[in-house]
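Colleague: I'd like to ask some things about the structure below.
No lab work stands behind these numbers, since they all come straight from the coordinates. Just so it is clear, the model here is predicted, and its values are computed rather than measured. FYI the Cβ positions are ideal-geometry reconstructions off the backbone, even for glycines, and counts take in every protein chain you see.
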Amino acid sequence: MVLDRVLAWYAHVPEGLPTGEARIFFAAKIGYSAWIVVQGVTAFIFLQLGQNVLAAFAALGSLLTFVCFFCLVSGRAGTGFHLVNGQNIVGVILITLYVGLKPGFFLFALVGMLYCPLSEWVSRRMQWVLMGVNAAVFVAALVIGLTLPPIAPLPPAWNLIFAVVNGTATAGLLLMVVLTYRHAVDRAEAALAAEYRKSEALLHNIMPPSVAERLKRETRVIADSHGNATILFADIVGFSELAGRSSPEALVTMLNSIFCRFDDLVDARGLEKIKTIGDAYMVVAGLPVEREDHADAIARLALDMLITADEVSRETGKDLNIRIGIHSGPVVAGVIGQKKFAYDLWGDTVNIAARMESHGQAGRIQVSADTAKLLRDRFVLEPRGTIEIKGKGEMATYFLTGERAPLIDAAG
């Protein structure tokens, strides 16, 4: 039970810590605790060997590391980091002066140099400064050890013991640094890849994938002419009155419900949704990839949309009617602008399709004569006669009422 509570306390990370600090908080707890014990044991060994100065320094270091530990858990981790780093720098020089290079204490300057970049408690500039200081201390210790005799050398057996222990500890700590960096790199690359996939999915959600790829490669304006396409506009009849009788949440929920179902229909037929404008919904077939059955595909979509609108009307209890207009012809498609850009369509075909919708009737699909010519062999069309279209004058229009039953081959 006591051990469980101790482990839980060590594993606890205070709330509100930045991600970088939270990541190394637990490791710092363990590291400081281990360093307190190691320096205490080292102080005892030095005392037994008659190295009173080094024993006192190691004991002081153990106490100082305890202060660093307290700084860490009390929210002053930066102060603790500077204290333990300073102690390491002084210790490497002092111990090398006293016992030389053979015990391998100078190796801890390498550890200090490589651990500085892991600290999230000091600025990036300070990390570089401390790395340089530790590197200079490492070189200075080598020079001292190679040019000056040790003040109080250790017995050969203890030189060997300390060399093995310090070498192993240094190798282990450096391995931890490498693994920590490797883990950080892997996590960063995974996060970058995930964000890239999300941005790609978002980009492909607002425009056709082929256009999105061109947009990433090309700096010029993207504009393509398509000789044959069919455009559909649909909107909700009496939407303003419906909005006045509904709460904002209920209105948006209803719009989201019907438009999401329209999206599913569009995706199922391989068509291209262009945009929604208020309660209006715009779809095109025949671009960016050309297809011969563009009019048929839009006609089937329109019939399905009427069925879907009836379903949503029954589910919500709202008197929901949509009006659909369709026209076929040449169109220009592309992406313009630098901010909040979108894939859009321009040309007479777009305007006429919009007029087919706005001059249509609730619950019906109105198509132009050009579209009717493409559909007449496979769909049921009801002549409406001519209507006055703003900017176009008199135009013959038709109501699309259904799809003809396929002919059965008598010989088959």
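Colleague: Which condition breaks for LEU374 when tested against (1) in contact (Cβ under 8 Å) with a residue 40 or more places away in the chain; (2) assigned to a loop (DSSP other than H, G, I, E, B); (3) more than 41 Å from the chain's Cα centre (by Cα)?
Modeller: (2)
Colleague: A follow-up question, please. When you scan region 223-253, how many residues do you find that are part of a helix (DSSP H, G or I) and within 22 Å of GLY325 (Cβ to Cβ)?
Modeller: 5
Colleague: Looking for whichever is within 17 Å of VAL211 (Cβ to Cβ) and surrounded by fewer than 16 Cβ atoms within 10 Å (Cβ to Cβ) here; the options are ASP310, ASP267, ASP319. Which one fits?
Modeller: ASP267 is the lone residue from the list that is within 17 Å of VAL211 (Cβ to Cβ) and surrounded by fewer than 16 Cβ atoms within 10 Å (Cβ to Cβ).
Colleague: If I filter region 341-353 for residues that are of a type outside the set (S, T, N, Q), in contact with a His (Cβ under 6 Å, 6 or more places away or on another chain) and in a helix (DSSP H, G or I), do I get at least one hit?
Modeller: Yes, because at least one residue in region 341-353 is of a type outside the set (S, T, N, Q), in contact with a His (Cβ under 6 Å, 6 or more places away or on another chain) and in a helix (DSSP H, G or I).
Colleague: Let me ask you something else. For the structure I just gave you, tell me whether GLY329 is assigned to a strand (DSSP E or B) and surrounded by fewer than 17 Cβ atoms within 10 Å (Cβ to Cβ).
Modeller: No.
Colleague: Continuing with the same structure: Taking the condition of being surrounded by 13 or more Cβ atoms within 10 Å (Cβ to Cβ) and among the β-branched types (Val, Ile, Thr), how many residues in region 143-188 meet it?
Modeller: So the answer is 7.
Colleague: Has region 289-296 got any residue that is within 30 Å of the chain's Cα centre (by Cα) and either part of a helix (DSSP H, G or I) or on the phi < 0 side of the Ramachandran plot (or both)?
Modeller: Taking every residue of region 289-296 in turn, at least one turns out to be within 30 Å of the chain's Cα centre (by Cα) and either part of a helix (DSSP H, G or I) or on the phi < 0 side of the Ramachandran plot (or both).
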